[in-house]
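These notes are about the structure you will find just below.
The values are calculated or read from the model by the stated rules, or taken from the named source; none is laboratory data. Quick caveat: nothing in here was measured; it's all calculated off a predicted structure. FYI the Cβ positions are ideal-geometry reconstructions off the backbone, even for glycines, and counts take in every protein chain you see. Areas reflect the complete protein model, heavy atoms only, side chains present, ligands, DNA and RNA absent. Shrake-Rupley method; radii C 1.70, N 1.55, O 1.52, S 1.80 Å.
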Amino acid sequence: MSRELNGIVKAWEATVKKSAGGKKRANIIFTPMSIAHVDDEDNNDDGDDDEDGDDDDDDDEDDDDEEVCLVEKIFPNGDFYTGQWLDKFPHGKGKYLWTDGCMYVGEWIQGFTMGKGRFSWPSGATYQGEFKTFYMDGKGTYIGSSGDTYKGYWVMNLKNGKGNESYPNGDFYDGEWKKGLQSGHGRYQWKNGNHYIGQWLNGLFNGSGTMMWQNGNRYDGCWEDGYPKGNGTFSWCDGSFYVGVWNKDFKEQSGTYYPSGSNDAHLEWDPQEVFNVELSDCKVCPCENVSIYPSEKILSVSGLEEAKVMKQSKKGSDGNRKTRWSSVDGRISNYSSEEGCNGLDVGRKSAFDELGGNSIPSWQKLRIKAPKTQGDTISKGHKNYELMLNLQLGIRHSVGRPAPSASLDLKSSAFDPKEKVWTRFPPEGSKHTPPHPSCEFRWKDYCPVLFRALRKLFKVDPADYMISICGNDALRELSSPGKSGSFFYLTNDDRYMIKTMKKAEVKVFLKMLPAYYKHVRDFENTLVTKFFGLHCVRLTGTAQKKVRFVIMGNLFCSQYAIHRRFDLKGSTFGRTTNKPEADIEPTTTLKDLDLNFIFRLQKSWFQEFCRQVSRDCDFLEQERIMDYSMLVGLHFREITSSGNVTPCGRSSGACTPSGFDDGGPRLSGVNVDHLIVDPSRWIQLGINMPARAEMALRKSNCDTPQLIGEPTGELYDIIIFFGIIDILQGYDISKKLEHAYKSFQYDATSISAVDPRLYSKRFREFIFRVFVEDTSSV
């Protein structure tokens, strides 16, 4: 018998070498040995089959009696397995080789590749990472036979999520993927030094983005199907730029050229050169095709095809149970056995239901509605349509007019509240203003030199700024004003928020501007609101109406949809929306007593977070500011098609945070600054941060409101956004009277209107309980 088996081993090795086509393979791990043939074991088991195929409990007891053993098996078709074995399946760690030269080495569960492993192809290509039921699924690295390398996340054999790819020709891409193609936000760098940063769709530039050439030229604006289309700006390294509407059809192309000083070298330049010349050598390298996916490989394991693929739902009475298909990770689909599987490939995915998967009832309670566009578009006929036109005309005038290059070292005169510029805008136009369809108005710029320096400090490109606010797209007005009575407007690309202000707020802001400028310059990762401009529109005529407004950065401008948002102050009086879960929309701003999560940040991020919150609170306390809050936005990474949020696990440390990141803060101000077109779209403190949210439940029998609930251990992978907002409320006489009045009726520590020193202390203590270090992450 031994001689026969040795002959089988040699025949198998010859078959593998032949199928490999002469390519160099990994070291052969097999030597002549005594191997039990799979048929021998199958024959011995024939008499042990349970006659009652429906008795699941008996099957479970038999499984419990089985022990994991080490085996080496050759199957009738020539495949070979060596490793741990349970009953009729590979289970544990093992190695499986197919006769065509493919090989898997890694973890198994009941005959399925599940966990970490390595799959190699005869061509020399390899994948090393996570598997789920034979699929490359999770975090992993694929190295192709031609040398291209992808490192990132996968879903069912396809690149999906955050990842980077190095191409054989020297190109490099780092960003987001969807269904195997670049989709979302990403950066592509060519070998010659050119690079693109922005939005992608199906492997092509699509949306807003920036192309930068090695010679210093760049294009900022909209793209479609790999080419500029819509509003955009082409800039030369000498400072000249062209602003217009772009299209491959030259008949649809229009725009204006702005020379740098007296330089008119590009006056005869044709915008179509961008399509025909500039982009000619900016082709995206295609990804290597995978010859055969691991999930397409068939195991020659007797009995694997007989694995159970259904389990009973335990909800309802026994007589009314419906059989539901369940996937490997425990997510339950909406298809019942009565409806049929509609062609779904549930055989492999559902076999794990018999492994005693985690029962997670709590996540079914967390349901997310589909995000909607926030605000109403201000179109012709809207009551604020003319105000919007005036605002856009004023911004275009302020930002576009010639001015010396902004220096970050400002003179004291730049902070003088009297430093303002009035401009008259008659409908027929003037020497310095264009004609316009609106009524006559006057425009005031507060501290223009200072805000020009702030925009430079915050890396805001003037052309981008003008396009966002003054482009062809209208602003959007939020449906209702804030508690202060201010109105809020959003730019169409969500980058900037415009807020109307009271005269008292303007005075507070102008007074704190010197300290604000010093603070944001000293601490580039500050969480306080970023301000870009302070203006006033005064209508002429009998009305003489004045509208003051400030332009701020929108914290939630991201490629990620915001599913939950919270406004947190650390007080309890009036700090709830009183909305049931079913009525909560993604645009609903929840408050302190609505908070049902604790946010877990990776160690290095958490340390930087604590330092920055303390710095920002010290600054606000010194400026006698109170009533500010921490605005938090959550994007849940795992949501089913029906809107249910899937937890990533329990707080035992078994689950690591999602997000392809090295765990360290990617702070602004590093060498890649010139590559970052819009810092709000890159990972930094408070922006696009991978983290985990732990569900927390409050005790219902407490006499006083419980600010933070008890952690349940239920964890969710999230992308988190946070920043300190509403920083223009001083502790003036009105707030002192509010404090005195409410203190007579309520607990003085529960109200928002308190002394800035006490407010800062309470705010910090609360925030450092809501945000904690994720000690269980790896």
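With a 1.4 Å probe and all protein chains in place, put ARG757, ARG637 in order of accessible area, largest first.
ARG757, ARG637
For segment 686-692, in order, what is each residue's ³J(HN,Hα) by Karplus, 6.51 cos²θ - 1.76 cosθ + 1.60 with θ = phi - 60°, in whole Hz (x at glycine and Pro)?
x, 10, 6, 8, x, 7, 10
Which one, VAL460, SER430, ASN492, is farthest towards the positive end of the dipole of segment 424-501 when Lys and Arg carry +1 and Asp and Glu -1 on their Cβ?
VAL460
Ordered by packing density, taken as the mean number of other Cβ atoms within 10 Å over each peptide's residues, highest first, how do 462-474, 244-256 rank?
Highest to lowest by the protection proxy: 462-474, 244-256.
Give a residue-ordered list of calculated ³J(HN,Hα) values for segment 147-156 (Karplus: 6.51 cos²θ - 1.76 cosθ + 1.60, θ = phi - 60°; whole Hz; x for Gly, Pro).
x, 6, 10, 10, 10, x, 9, 10, 9, 6
So, by mean Cβ neighbours within 10 angstrom, what's the order for 446-452, 706-712 with the highest one leading?
My ranking of the peptides, most packed first, is 446-452, 706-712.
Sorting ASP594, ASP493 by accessible area (1.4 Å probe), largest first, what list results?
ASP493, ASP594
Regarding segment 77-277, what are the three Cα extents along the principal axes, ordered largest first, in Å?
Sorted from largest, the Cα extents of segment 77-277 read 82, 25, 25 Å.
Just to be sure I understand the model, the point goes 7 Å from the Cα along the line to the Cβ. What's the resulting ASP270 to ARG424 distance in nm?
Result for the modelled spin labels: 4.6 nm.
Once the piece of chain linking THR540 and LYS179 is laid out straight, how much longer is it, given 0.36 nm per residue of separation minus the C-alpha distance between them?
Gain on stretching THR540 to LYS179: 124.3 nm.
If amide hydrogens are placed 1.01 Å from N in the peptide plane, which non-local residues have theirs closer than 5 Å to the one on LEU201?
GLY184, ASN206
For segment 371-554, give the magnitude of the charge dipole about the Cα centre (Cβ charges: +1 Lys/Arg, -1 Asp/Glu; no others), in debye to the nearest 20.
That gives a dipole near 640 debye.
Order the peptides 500-506, 227-233, 200-206 from the highest to the lowest mean number of other Cβ atoms within 10 Å of their residues.
Ranking, from highest mean packing down: 227-233, 200-206, 500-506.
Where the centre of each part is set by its Cα atoms, how far does segment 167-243 sit from segment 128-154, in angstrom?
When both Cα centres are located, 26 Å separates them.
Please turn the phi angles of segment 108-118 into ³J(HN,Hα) values with the Karplus equation 6.51 cos²θ - 1.76 cosθ + 1.60 (θ = phi - 60°), one per residue in order, whole Hz, x for glycine and proline.
Residue by residue, segment 108-118 yields 10, 9, 6, x, 10, 6, 8, x, 8, x, 9 Hz.
Let me see the P(r) profile for segment 486-556: every Cα-Cα distance counted, bins of 5 Å, each bin given as a percent of all pairs.
Over segment 486-556, the share of Cα pairs per 5 Å bin runs 3, 14, 21, 23, 18, 12, 4, 2, 1, 0 percent.
Can you tell me the length gained on complete extension of the stretch ASP416 to VAL68, counting 0.36 nm per residue apart and subtracting the Cα distance?
Taking 0.36 nm per residue and subtracting the Cα distance, the gain is 117.4 nm.
How many nm is it between the label spots at ASN202 and GLU252, if each spot is 7 Å from the Cα in line with the beta carbon?
Distance between the two pseudo-spin positions: 1.6 nm.
Starting from 0.36 nm per residue, how many nanometres of slack lie between VAL772 and THR576 once their C-alpha separation is accounted for?
Here the segment from VAL772 to THR576 would lengthen by 68.3 nm.
Placing +1 on the Cβ of each Lys and Arg and -1 on the Cβ of each Asp and Glu in segment 371-554, which of VAL506, SER398, VAL520 has its Cα farthest towards the positive end of the resulting dipole?
Final value for the positive-end residue is VAL506.
Ordering TYR104, TYR293, TYR135 from largest to smallest accessible area (1.4 angstrom probe), what's the sequence?
TYR293, TYR135, TYR104
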